[in-house]
1. Sort out which residues of region 26-35 are under 9 Å from V74 (Cα atoms) and touching a residue at least 60 places away in the same chain (Cβ under 8 Å), and write them in order of number.
2. Would you be able to say whether some residue in region 62-79 is surrounded by fewer than 18 Cβ atoms within 10 Å (Cβ to Cβ), without any contact (Cβ under 8 Å) to a residue 40 or more places away in the chain, closer than 19 Å to Q98 by Cα and within 15 Å of the chain's Cα centre (by Cα)?
3. Show me the helices (runs of 4 or more DSSP H) entirely contained within region 1-105 in which 3 or more residues are of a type in the set (D, E) and at pLDDT below 95.
Amino acid sequence: AQFKAQCRIFGKLKEENFFGPKEEVKLEAHIKVPSFAAGRVIGKGGKTVNELQNLTCAEVVVPRDQTPDENDQVIVKISGHFFACQLAQRKIQEILTQVRRQQQPKSPSGTQPPLPRRK
């Protein structure tokens, strides 16, 4: 759903000629992540965020001095061309899914219960 919405907005901007044919359009997306998971997005010494940027060609910024909101979340800013932003968002969601799995209590059989699917 997010991909489709962002794709339609991007398409509409192109259609309405908000930028020239040779102009590179940079989009900016903001993702809210739990404050306890922000460190996983950054990685030790910034390793994960640097790998994300190299892989996706998007700029990924997790402000260090950010105060979490009322839901204990911080904002990760992503900017770049459309597909770079999309890929970076997906990779960050994968990191968050991994963090959530590690935080879930294990069942008595030693396996983790399945995560609810996002719509």
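1. I31, V33, P34
2. no
3. Ranges flagged: none.
For every residue, the table says whether it meets (1) under 26 Å from E15 (Cα atoms); (2) not charged (D, E, K, R).
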position: K32; (1), (2): no, no
position: G39; (1), (2): no, yes
position: G45; (1), (2): no, yes
position: L55; (1), (2): no, yes
position: D69; (1), (2): no, no
position: I75; (1), (2): no, yes
position: S79; (1), (2): yes, yes
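The values are calculated or read from the model by the stated rules, or taken from the named source; none is laboratory data. For clarity, every value in this text was computed on a predicted model and none was experimentally measured. Cβ coordinates were reconstructed from backbone atoms using ideal geometry, including for glycine residues, and neighbour counts include every protein chain displayed.
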